[in-house]
1. If you take every residue apart from Gly32 with its C-beta less than 14 Å away from the C-beta of Gly32, what net charge results, scoring Lys and Arg +1 and Asp and Glu -1?
2. Debye sum, Cα scatterers, segment 136-293, no solvent: what log₁₀ I/I(0) at q = 0.12 1/Å?
3. In the chain, which longest range has no trypsin sites (Lys or Arg not before Pro) that are both DSSP loop (not H, G, I, E or B) and surrounded by at most 12 other Cβ atoms within 10 Å?
4. Of the listed pairs Lys111/Lys227; Lys252/Lys272; Lys316/Lys346; Lys90/Lys227; Lys186/Lys270; Lys104/Lys272, which have alpha-carbon separations greater than 20 Å here?
5. Semi-axes of the chain's equivalent ellipsoid from the Cα gyration tensor, sqrt of 5 times each eigenvalue, largest first, rounded to whole Å?
6. Rounded, prolate or oblate: pick one for segment 83-209, where a ≥ b ≥ c are the square roots of the eigenvalues of its C-alpha gyration tensor, a/c under 1.5 means rounded, and failing that, prolate if a/b is larger than b/c, else oblate.
7. Simple spin-label model, 7 Å along Cα-to-Cβ: Lys255 to Lys186 in nm?
8. Less than 16 Å apart at the alpha-carbon level, and either on another chain or at least 8 residues along: which aspartates and glutamates does that give for Lys287?
Amino acid sequence: MRVFNFSAGPAALPEEVLRQAADEMLDWHGSGMSVMEMSHRGADFMSIHQEALVDLRELLEVPASHHILFLQGGGIGENAIVPMNLFGSKPRADFVITGSWSQKSYKEAQKYGTAHIAASGKTEDGFTRAPARAEWQLSEDPAYVHLCTNETINGVETFDIPDLGDIPLVADASSHILSRPMDIAKYGVLYAGAQKNIGIAGVTVVIVREDMLDRAMAICPSAFEWKTVAENNSMFNTPPTYAIYISGLVFKWLKRQGGLKAMEARNMEKAKLLYDVIDSSGFYINKVERHARSRMNVPFFLADESRNEDFLAGAKARGLLQLKGHKSVGGMRASIYNAVPLEGVKALVEYMKEFEARCA
Ligand SMILES: *Cc1c(COP(=O)(O)O)cnc(C)c1O
């Protein structure tokens, strides 16, 4: 029996994708071997790689000005890889802090240059806001401004992305890329680890504008230097082949679902169901400002925290798994990525209502 998996990452994958991967495991398209066993420079893998790139470009409508790279190192790796690629002539950057992940990005960048906090969404209730552009206090001529467009732990999503003119905007979109259309032209760099909403752990998607490729620090490792990676079509070193293959299957699945507009409508419906039950009484609590509430990661608390273990045990008994909140904030968190079906969210909402009624 398959459960409903609300894990923040690695996370649920579409069942269709898992079945296809299983079918193709021993013999990919008559090649007589698994994708895992293929040379990354052979025609078979090259076609898998190329198709994944084309499908991702189509789904996200990535403009010709931007390269798509498949790297390793994850979102945390990018916290170092970004400054090493952009601090070559101006070793300073600005950070909009909306939660735990942007805080980490800010800290790591300090190893390579000066990091300035341009705005913070922290309140007495923790990270509950997405500061608007008017609140951002940018320093003079930063190399870039960093923003985590969806804070996975705190459940804060930034929907209003400003146009910063000549200043490159760098976004960590790890936990909501592909959940809705995004205007990629607004970003100098957009990166995402795959294990939330793209595929499996091991590959990091980095979308980088052509003019970002000429500013790397001399110490930047070649395997992480975007220019080198771009010039070699992500084949400078051996890429994470199987993770790229799974991403490609997810891209095809997303196209069959109707693309990102269709996913956005579905994700809005799923998120609304969950936030509505949270807001319907004082039993469950989410303090994130409404316009900044994440559609992918929904953290919530039970007003009476002594019931936490009971809540989780009851959920588990119904096949609703991985609902415990991140240890740094406590409470609960339901991650409802693209691959979590509407029925899963409905089952969770039913359970939450029942649990509340049972405790009354
Ligand atoms: C999960 C996550 C990361 C970290 O990803 P790793 O693959 O563990 O490096 C970074 N940023 C965000 C927003 C995330 O959700």
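Any read-out appearing in this document is the output of simple, stated calculations on the displayed coordinates, not a laboratory observation. A quick note: this is a predicted structure, and the numbers were derived from the prediction, not measured. Counting neighbours? That spans all protein chains shown, and the Cβs are built from the backbone with ideal geometry, glycine included.
1. Value of the local net charge: -4.
2. Reported log10 I(q)/I(0), two decimals: -0.65.
3. It runs 112-326.
4. Listed pairs above 20 Å: Lys111/Lys227; Lys252/Lys272; Lys186/Lys270; Lys104/Lys272.
5. Ellipsoid half-lengths, sorted descending, are 33, 28, 16 Å.
6. Taking the square roots of the gyration eigenvalues as a ≥ b ≥ c, segment 83-209 is rounded.
7. 2.7 nm
8. Glu124, Asp125, Glu151, Glu157, Asp276, Asp279, Asp304, Glu305
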